[in-house]
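FYI, it's all coordinate maths here, none of it is from the lab. Keep in mind that what you see is a predicted model, and the values were worked out from it rather than measured. So basically every Cβ, Gly included, is an ideal-geometry build from the backbone, and we count neighbours across all protein chains shown.
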């Protein structure tokens, strides 16, 4: 959308970061089986390519590590051309979330969930 673009017609990096954080948060919540997860760290974000109008953005994530109350995800955003169906990575990062209780204090991720992702 126009409000998401700079004067050169490229997507603002901050907008992309907000989409990545929101998408990763929904994945973390699903994996942790709780809507109560908060972002605690976004590691180095590598912007590989600019995104112009006309592309969709697809965001993919995978679990890298689960601790007692934290989860670290690898997240990658790709631009998608609906006409050619080609995808191309435009940026990637790692994001850590902590599961919290209703009072905002760290809460353990269940043993069952941690066992699913044990390495």
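A few points about this structure:
- Normalised by the number of residues in segment 10-119, the average gap of Cα pairs under 8 Å and 6 or more apart makes the relative contact order 30 percent.
- Here residue 47 and residue 103 are evaluated by their C-beta separation; at R0 = 22 Å the FRET efficiency comes out at 0.05.
- Estimated FRET transfer efficiency when R0 is 41 angstrom, pair residue 10-residue 110 (beta carbons, to 0.05): 0.45
- The mean of 1/r over all pairs of different alpha-carbon atoms in segment 46-90, once inverted, gives a Kirkwood hydrodynamic radius of 12.0 Å.
- Once the C-beta distance of residue 81 and residue 34 is scaled by a Förster radius of 35 Å, the resulting FRET efficiency is 0.45 to the nearest 0.05.
- Kirkwood hydrodynamic radius of segment 62-110, from the reciprocal of the average inverse Cα-Cα distance over all distinct pairs: 12.9 Å.
- The chain: angle of helix 13-32 to the longest principal axis, Cα-based, in degrees nearest 10: 30 degrees
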